[in-house]
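What follows is a short report on a single structure.
The values are calculated or read from the model by the stated rules, or taken from the named source; none is laboratory data. Keep in mind that what you see is a predicted model, and the values were worked out from it rather than measured. Cβ coordinates were reconstructed from backbone atoms using ideal geometry, including for glycine residues, and neighbour counts include every protein chain displayed. Accessible surface areas use protein heavy atoms only, side chains included; no ligands, DNA or RNA. Shrake-Rupley method; radii C 1.70, N 1.55, O 1.52, S 1.80 Å.
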Amino acid sequence: MTEEDSVLVQVGTRDAMDLPLNRSRWRRSALYLYEIPALAFFGIFVGYPILWVIYTSLFAATVHGATYWAGLGNYAELLQSPTFWMTLRNMALWGLITIPVQMIIGGLLAYAIEQYTIRSKAVFRTVYFVPVVTSVVVIAIVWEQIYAPYYGILQAGLTEIGLHLNFSLLGSYDTAIFALIIVNIWEWTGFSMLMYIAGLNAIPREIFDASHIDGASGWRLSRYVLIPLLSGVNKSLLLLGIIGTLQTFPLVFLMTNGGPDNASQVFGTYIFLHGFTEGQTGLASAISVVVLILAAGLTFLQIRYLGTQFLSRKGDA
Amino acid sequence: MQTVLRIAARRWVIAALTLFAVIWLIPDLYMVSISLRTPVNAFDPHLLAFPLTIRNYWIVLTQNPLLRFFLNSLVVTAATVVTVIGVASLCAYAISILRLRGSQAVFALLLVTLMVPLSALVVPLAALLGRLGWINSYPGLIGPYSALGIPFAIVLFKAFLDDFPTDIHEAAMLDGCTTWQLYWRVVLPLLRPLIGFVGIWQFITSWNEFFLALVIMTRNPMKTLPLVPMEYSGMYMANPGALFAILCIIALPLILLYVLVQRVFVRGLLEGSVKG
């Protein structure tokens, strides 16, 4: 199978070329000025913070604010904290539910829109993307209102079909995280849809025509032609989904702030709690390092087992 | 026969898409609906409640310095978009076309950013920006936003430029073009559709970013729009209509902007993924 459809690119290698011609060594090295700004931004705002957070995670503070060397003490404290494991569980649920559901709904929408609509194509593409563009703060407050017991429209809608919830979805220990996941899926499905639309459009027309002549349509067309050809999109959505899961913050912070009783704690709110509310910089840094390790580890696994294509268009196959 | 079936199928699919789209938009419709309610029926558990009033908008616009927050968001977002496009296109040009020695290592290093979740950087960024004295200043957000946006833009630009036939650049060089002229006159115009895509996407993400803004913009006059609802949710407890008017003022301009530019956005996305 070729990868020329995929919305991904190979991290390829091309040999340095002897271009520009006839340059002095000095002039040639001056060309690095083109790369320096990007490297500077990376070094200051990404590289340095990563090193800082690793270093700081090895220190703790006394009640009087004096810092002392704690070795792996912060990590030990984390591993013994039930909240840490709750957070880990919530993040696993978040990723395992959000990513596939978004891919399925987004993929179906993309397929329906690209295959069946003509004049209304732009309208549907735009409408389903609206939540992605809507400010997440706005989304959080609106959904809080939707979920609200007594006067929320979800409750009203459920009453219509004879279902009455005698508890708050966001306020209950067992349901809070799922209520948040639903909002997150709603917010980001349009993004998956658009990625699949790009993927579908990258498939050469002839492949569709050939499949039609062969009598493949519907499920068979999807299963044997489209899904394999869209594997690049799947991979980027998986990667983006994992990183997106690990950096979840505003929805949870604004809607439950990790509660009730840490039942909906995610890494973002957990870091905020210790780093800013409680002023435990060392512990917050240790959590950050765990997040970095998870992100790097999962990315590594993905590259190891699914290939090195990376977000963009055609792989060099 | 088959075409008849296809036409029937098309009707059903479009009907389903339309129905689903209406359901999909309920939260946004609900937001607008509440913002247009009087305090009396603000808690009415229906999607629509009458009578409608625009008084809430008048209240929040006269009582709050929303324009100031709007301008803060605009400055931060616009500066980030320009920085990302400029820095990323230069770097992608150097990597893909000039192919400087070591470029692949530079590219691989920058890619690390794509797998770093922002949540892990918030604590160190707050410490760093505190030391730089950039808390409550525009560069305090523009810097990190740009740094997080540049690598993604480089990936897209580089992929696009990699497909470009090299002889054009060689010809330009032989004609005596400097590397800067080649960038400015040839490469940048070439990237235009992708610049539209990257710029719009960067605009959306920076405009809506919440976590870092919460930590960096702690003083009132410097806050960006996403921080505003927290400020006022207590104040309008008894009149949610006013709070939701603020939400509409925050969300609707960006939604409208997207509707206006969605053609450019989608074309850029397709261009980025199709051509080649």
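Sort out which residues of segment A:270-307 are more than 9 Å from chain B (Cβ to nearest Cβ), assigned to a helix (DSSP H, G or I) and of a type in the set (S, T, N, Q), and write them in order of number.
Those that are more than 9 Å from chain B (Cβ to nearest Cβ), assigned to a helix (DSSP H, G or I) and of a type in the set (S, T, N, Q): A:Thr277, A:Gln302.
Scan segment A:150-193 residue by residue and report those that are hydroxyl-bearing (Ser, Thr, Tyr) and under 14 Å from the mean Cα position of the chain (by Cα).
A:Thr189, A:Ser192
Within segment A:53-67, which residues are more than 24 Å from the chain's Cα centre (by Cα) and surrounded by 10 or more Cβ atoms within 10 Å (Cβ to Cβ)?
A:Tyr55, A:Thr56, A:Ser57, A:Leu58, A:Phe59, A:Ala60, A:Ala61, A:Thr67, listed by residue number.
Check A:Gly162 against each of (1) surrounded by 17 or more Cβ atoms within 10 Å (Cβ to Cβ); (2) closer than 25 Å to B:Leu48 by Cα; (3) more than 9 Å from chain B (Cβ to nearest Cβ) and name the one condition it does not meet.
If we test A:Gly162 against (1) surrounded by 17 or more Cβ atoms within 10 Å (Cβ to Cβ); (2) closer than 25 Å to B:Leu48 by Cα; (3) more than 9 Å from chain B (Cβ to nearest Cβ), just (1) comes out false.
Scan A:Thr134, A:Thr87, A:Thr117 and give me the residue that is open to solvent by less than 20 Å² (accessible area, probe 1.4 Å) and under 30 Å from A:Asp209 (Cβ atoms).
Of the residues listed, the single one that is open to solvent by less than 20 Å² (accessible area, probe 1.4 Å) and under 30 Å from A:Asp209 (Cβ atoms) is A:Thr117.
What do you reckon, is B:Val123 assigned to a helix (DSSP H, G or I), touching a helix residue (DSSP H, G or I) at 6+ places or on another chain (Cβ under 9 Å), at negative phi and more than 9 Å from chain A (Cβ to nearest Cβ)?
no
Look through B:Glu209, B:Glu170 and report the one residue that is out of contact with any helix residue (DSSP H, G or I) (no Cβ under 6 Å at 6 or more places or on another chain), within 10 Å of another protein chain (Cβ to nearest Cβ), acidic (Asp, Glu) and closer than 25 Å to A:Gly268 by Cβ.
B:Glu209
Can you tell me which residue within segment A:250-269, out of those that are facing chain B (nearest Cβ under 10 Å) and in contact with a Leu (Cβ under 7 Å, 6 or more places away or on another chain), is nearest to B:Leu227 (Cα to Cα)?
Looking at residues that are facing chain B (nearest Cβ under 10 Å) and in contact with a Leu (Cβ under 7 Å, 6 or more places away or on another chain), I get A:Leu251.
Consider segment B:209-221. How many of its residues are open to solvent by 20 Å² or more (accessible area, probe 1.4 Å) and in contact (Cβ under 8 Å) with a residue 24 or more places away in the chain?
4
Run down B:Leu247, B:Leu254, B:Leu269, B:Leu260 and say which single residue is in a helix (DSSP H, G or I) and open to solvent by 60 Å² or more (accessible area, probe 1.4 Å).
Every option except B:Leu260 fails the conditions.
Any residue at all in segment B:231-238 that is more than 27 Å from B:Pro39 (Cβ to Cβ) and more than 7 Å from chain A (Cβ to nearest Cβ)?
No, there is no match, as no residue in segment B:231-238 is more than 27 Å from B:Pro39 (Cβ to Cβ) and more than 7 Å from chain A (Cβ to nearest Cβ).
Residue-wise test of (1) without any contact (Cβ under 8 Å) to a residue 24 or more places away in the chain; (2) at the interface with another protein chain (Cβ under 7 Å from one of its Cβ atoms); (3) over 24 Å from the mean Cα position of the chain (by Cα).
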{"position": "B:Cys91", "(1), (2), (3)": "no, yes, no"}
{"position": "B:Arg99", "(1), (2), (3)": "yes, yes, yes"}
{"position": "B:Leu110", "(1), (2), (3)": "no, yes, no"}
{"position": "B:Phe157", "(1), (2), (3)": "no, no, no"}
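With (1) within 7 Å of chain A (Cβ to nearest Cβ); (2) part of a helix (DSSP H, G or I) as the list, and B:Val84 as the residue in question, which single condition is left unmet?
Only one criterion is unmet by B:Val84, namely (1).
Sort through A:Gln265, A:Gln280, A:Gln247 and tell me the only one that's polar (S, T, N, Q), under 25 Å from A:Gly65 (Cβ atoms) and in contact (Cβ under 8 Å) with a residue 12 or more places away in the chain.
A:Gln280
Using beta carbons and a limit of 9 Å, which pairs, at least six apart or on different chains, have the first residue in segment A:111-130 and facing another protein chain (nearest Cβ under 8 Å) and the second one part of a loop (DSSP other than H, G, I, E, B) and buried (at least 19 other Cβ atoms within 10 Å of the Cβ)?
Within 9 Å, the pairs are A:Ile113/A:Tyr128.
Scanning segment A:28-43 for residues that are at the interface with chain B (Cβ under 7 Å from one of its Cβ atoms) and among the aliphatic types (A, V, I, L, M), which turns out most open to solvent (accessible area, probe 1.4 Å)?
Among those residues, the one meeting the criterion is A:Leu39.
Return only the number of the condition from (1) more than 21 Å from A:Lys235 (Cα to Cα); (2) away from every other protein chain (no Cβ under 14 Å); (3) in contact (Cβ under 8 Å) with a residue 60 or more places away in the chain that A:Asn74 does not satisfy.
Result: A:Asn74 passes all but (2).
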